[in-house]
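As structure tokens, the structure follows; a few thoughts come after it.
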Amino acid sequence: MKRLKISAAFLLSNALVFLAAWYCFSPAKEPENSERQALFWYDPMYPNTKFDAPGPSPFMDMDLVPKYADEQSGEGIKIDPVQTQNIALKTANAHMGALEFSQTVTANLAYNNHDLVIIQPRAEGFVEKAYPFNAGDSVKKGDNLLEVTIPEWIEAQSEYLSSKSKNALERLRLLGMPKEDIQTLQKRLEIQTKFTIKAPISGVITAYELREGMNFSKNNIIAKIQSVSLVWVEASAPESLAPFINENSEFTVYIPSLRQEFKLMGAEILPSVNENAKTLNVRAKIDNQNGSLKSGMSAYMRIKTKSEPFLLIPSSAVIDTGSEQRVISVDENGYFVPKLIKILGESGGFTAVSGLNENESVVKTGLFLIDSEANIKGAFERMRKAP
């Protein structure tokens, strides 16, 4: 019996020691009224779903986050600095600047139709001799194309020799008699019966259908010669570049088959637009004195241009929902405030906008957390309803 009493006393003393130790090392409990009041808990990935108690998220491998009552003041939101540090939140200031565009588009080389010569006799006749040319052949200025006989030219020469009048000389010009033959007539005062039609420019023959022994009328085309000293580069550029292409824009072209880059001259935007592709038609000229550039060659045109000054922000700062575009602005008190904006253009990682002030700070990284917090709070809804 004595042994049992000793054992009970021993056990009682050990229990008292344990309770004392627990009391000393356990954290002190804060008064009820000092704790922040949580309105609900939520998963930041699904901010519209609310829970009445803390615990693991049913959506993601993470714990639910509390939403406290003292975070509900003001039009903006406050976020725990630890959270903003964890998501590497960064801001940038809106600033004035020009959008820079550098666009490369496919292009093709084509004949410069401004330097096309059409040779017509302006009178009836027949071909005495045709020189060996075909469409696609190259010719030089002064090369012989045809030898012809034209009765009206013979009659007009006779009239001039009889009268030596200016009217007779003018008739020869109107009938299309070559200037060199008229000068020979004035010098020798002898009627010529055969005439040689020569190439008036150097280039490529694009039409040459008369042959020896053929008759022709005054409306027939003897030949078409296309100059190749300048060639056109034709390309289709995005329609969105139209407001930004001006006299200071730079155009260059790269010819893969020649492995050469050329600076373009006189680039212009044509009035017409490709209705199917919704692209601008761009045309420019390249010097081709050495003849290395051929019509039909493939090319790449690079367009470099700048816009007028706009208010710019990083493109990563824009939240585009499809129906509206907004940013998260940071006010002087550190509150994150949603603001509607209008996008005016985008290039090179920057977006031109209206709806902000110069030097206004906007969030460029970590937008997801702030956007979900703002949606929970309803700041966006109040913003939309505001007059």
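For the range 298-313, the criterion of being under 30 Å from ASN359 (Cβ atoms), hydroxyl-bearing (Ser, Thr, Tyr) and in contact (Cβ under 8 Å) with a residue 24 or more places away in the chain is satisfied by at least one residue.
Checked against (1) farther than 20 Å from GLY203 by Cα; (2) in a strand (DSSP E or B), SER158 passes all but a single condition, namely (2).
Only one residue in LEU210, LEU146 is within 58 Å of the chain's Cα centre (by Cα) and part of a strand (DSSP E or B), so which one is that?
That would be LEU146, the only listed residue that is within 58 Å of the chain's Cα centre (by Cα) and part of a strand (DSSP E or B).
The residue pairs whose first member lies in the range 272-287 and is more than 18 Å from TRP232 (Cβ to Cβ), whose second member is in a loop (DSSP other than H, G, I, E, B), and whose beta carbons are closer than 6 Å, counting only pairs six or more residues apart or on different chains, do not exist in this structure.
In the range 279-309, how many residues are assigned to a strand (DSSP E or B), out of contact with any Gly (no Cβ under 7 Å at 6 or more places or on another chain) and crowded, with 16+ Cβ neighbours inside 10 Å?
Residues flagged as assigned to a strand (DSSP E or B), out of contact with any Gly (no Cβ under 7 Å at 6 or more places or on another chain) and crowded, with 16+ Cβ neighbours inside 10 Å within the range 279-309 amount to 12.
Restricting attention to the range 55-72, and to residues there that are of a type in the set (Asp, Glu) and either closer than 11 Å to TYR42 by Cβ or at pLDDT 75 or above (or both), which single residue is surrounded by the fewest Cβ atoms within 10 Å (Cβ to Cβ)? Of everything passing the filter in the range 55-72, ASP61 is surrounded by the fewest Cβ atoms within 10 Å (Cβ to Cβ). Residue count for the range 324-360 satisfying the condition of being over 28 Å from LYS304 (Cα atoms), among the acidic types (Asp, Glu) and part of a strand (DSSP E or B): 0.
Okay, residues lined up against (1) free of Cβ contacts under 8 Å to residues at least 12 places away in the same chain; (2) hydrophobic (A, V, I, L, M, F, W, C); (3) closer than 18 Å to GLN120 by Cβ:
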site	(1), (2), (3)
GLN157	no, no, no
ARG188	yes, no, no
GLN192	no, no, no
SER202	no, no, no
LEU210	no, yes, yes
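For the structure I just gave you, tell me whether SER229 is small (Gly, Ala, Ser) and in contact with an Asp or Glu (Cβ under 9 Å, 6 or more places away or on another chain). For SER229, the condition - small (Gly, Ala, Ser) and in contact with an Asp or Glu (Cβ under 9 Å, 6 or more places away or on another chain) - is met.
Only one of the numbered conditions (1) assigned to a strand (DSSP E or B); (2) at pLDDT below 85; (3) surrounded by 11 or more Cβ atoms within 10 Å (Cβ to Cβ) is not met by ASN48, and that is (3). Here LYS198 meets the list (1) touching a residue at least 60 places away in the same chain (Cβ under 8 Å); (2) surrounded by 14 or more Cβ atoms within 10 Å (Cβ to Cβ); (3) under 20 Å from ARG122 (Cβ atoms) almost entirely, failing just condition (1). Cβ-Cβ distances below 6 Å connect the following pairs, each with a first residue in the range 106-135 that is touching a residue at least 24 places away in the same chain (Cβ under 8 Å) and surrounded by 15 or more Cβ atoms within 10 Å (Cβ to Cβ), a second residue that is of a type in the set (Asp, Glu) and assigned to a loop (DSSP other than H, G, I, E, B), and a separation of six or more residues or different chains: VAL127/GLU212; ALA130/GLU212. Scanning the range 238-281 for residues that are modelled with pLDDT of 85 or more and closer than 21 Å to GLN226 by Cα yields a single hit, LEU264.
The values are calculated or read from the model by the stated rules, or taken from the named source; none is laboratory data. Bear in mind that the values here come from a model prediction, so they are computed numbers and not experimental data. Every residue, glycine among them, receives a Cβ derived from its backbone with ideal geometry; neighbour counts consider all protein chains shown.
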